[in-house]
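Report on the structure given below.
Readers should treat all values here as calculations from the given coordinates under stated rules, not as data from a laboratory. No experiment lies behind these values; they were computed from the predicted model shown. Here Cβ is always computed from backbone atoms with ideal geometry, including for glycine, and neighbour counts include all displayed protein chains.
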Amino acid sequence: MSKAFASQADLQDKKTTFEQLSPHCWAYTAEGDPNSGVIIGDEFIMVSDATATPAMAKDLIRQIRTVSDKPIKYVLLTHYHAVRVLGASAYFAEGATEIIASQGTLELIQERGEQDMKSEMERFPRLFRGADSVPGLTWPTMVIGGGDPTQGEKPGKLSINLGGVVVQIWSPGHGHTRGDTIAWVEDEKVLFSGDLVEYEAGVYTGDAQLEEWPATLEALRALNAEFIVPGRGEAMKGNANVNKALDYTKRWVTTLFQAGKEAVAARMDLKAAMAHTRKSMDPVFGHVFIYEHCLPFDVSRAYDEASGIKNPRIWTAERDMEMWKSLQA
Ligand SMILES: [Zn+2]
C-alpha cells in the first residue's frame, strides 16, 4: 500500500506544553510538532520561532499572557522554514517591532521562500489549518551579519537586553540550513536551537549542509548548556540530557550521510539509495515521530550532497510529489 504524502495522514492534534525552565526562559513544546522558545524579561519578551500560522501563534500568545503582560517585541526566526516563520504577523498586535534572522536566512527567503511556503503547506495540512490567516512571507527587520563559517569568517553576534536577562543570538555554523541561528541565555545556560537539534523526532535534512552539521553540533556542545529547547521533541534538562539530544541529532545526520556517500560510490540510483539507507536508519530511528515523512527528503539531499551538489535544490510542491511517488509510493 502506498503511504500518504508527507504528513497528510497526520490529522490528530498535539498537546502543547508551556513549561518554565529557568527564571526567564520557557519552552513551548508539542509532542514532536515544531517547538517555540520564550524569553521573558522585565521590559520585553522574545519568541524564538513564530509557529506555522498566525492562528496557531495565538495559542502560544495566550500561554505567554498567563505569565506576563509585557510587549512581545522580538521574534527570532532560527531559519527560513515555513512552519517556523509564517505565524510571525500575530505578534504585531502584541508589540512586536523586530523580526530577527541571519543574513543566510534572509537570502534563503529571497531565493526560495515562495516555493517553500507552498511545499510546506502541502506537507503539513494540520499545521497549516489556519493558512488563510498567513498574510504572505515573513521578512526580517533585523539581520545578523553574513559571515560565512566555511570561508573562515566570523558570523555576527547580537546581544539583546530584555530587562534583567540578556539573549545572545548568532549562527554557530551551517547544518539544518545555511542560515541557522540560535538564541543563548548564558546566565541561565538555556539554548534555543531551532531545528539544528531534535530529540526523538524526525530530523528533516532536505535543505541541509550534512558535511558541516556535526561540527556545528560540537560548537553547541561547547556551550555546556543545562537546558535545550530543540526544534522538535521535549525540552531537555541537565547537561547530560542536552548532550543526549546533540548525540541523537549527530547520529541521525552522520548515519544518513554515510549511507548517501556509500550509495553514490556504488553508483546506485536514488531508489536504491533509499533502500540502502533504510538498512542503517530504520533499526535506530524507524519508530520516531515524522520519520517516514522525513526519510525520502533526507535521502534525496544526502544523495545530492554526496554527489557534489553544495546548494540544496529547491523543493517545490511538484518536486515533492514526484520524489514521493518514486521513493515512498
Ligand atoms: Zn526546519
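List of remarks:
- Size descriptor, Kirkwood hydrodynamic radius, that averages inverse alpha-carbon separations across region 17-327, Å: 19.3
- Angle between the chain longest axis and helix 317-327 axis [Cα atoms, degrees, rounded to 10]: 50
- The orientation-averaged projection of the convex hull spanning the C-alpha atoms of region 238-307 amounts to 4.8 square nanometres.
- Computed E for Arg278/Asp42 - FRET, C-beta separation, R0 45 angstrom, nearest 0.05: 0.30
- Projected-area mean, region 185-329, by convex hull of Cα positions, square nanometres: 8.7
- Orientation-averaged projection of region 14-93 equals 4.8 nm² [convex hull of Cα atoms, one quarter of hull surface area].
- The residue among Met274, Leu220, Asn311 whose Cα reaches farthest toward the positive pole of the charge dipole of the chain, with charges on the beta-carbon of Lys, Arg, Asp and Glu, is Met274.
- To the nearest ten degrees, helix 103-123 and the longest principal axis of the Cα atoms of the chain are 70 degrees apart.
- Per-residue ellipticity at 222 nm, computed for the chain from helices alone with -39500 (n - 2.57) per DSSP H run of at least four residues, works out to -11500 deg cm²/dmol.
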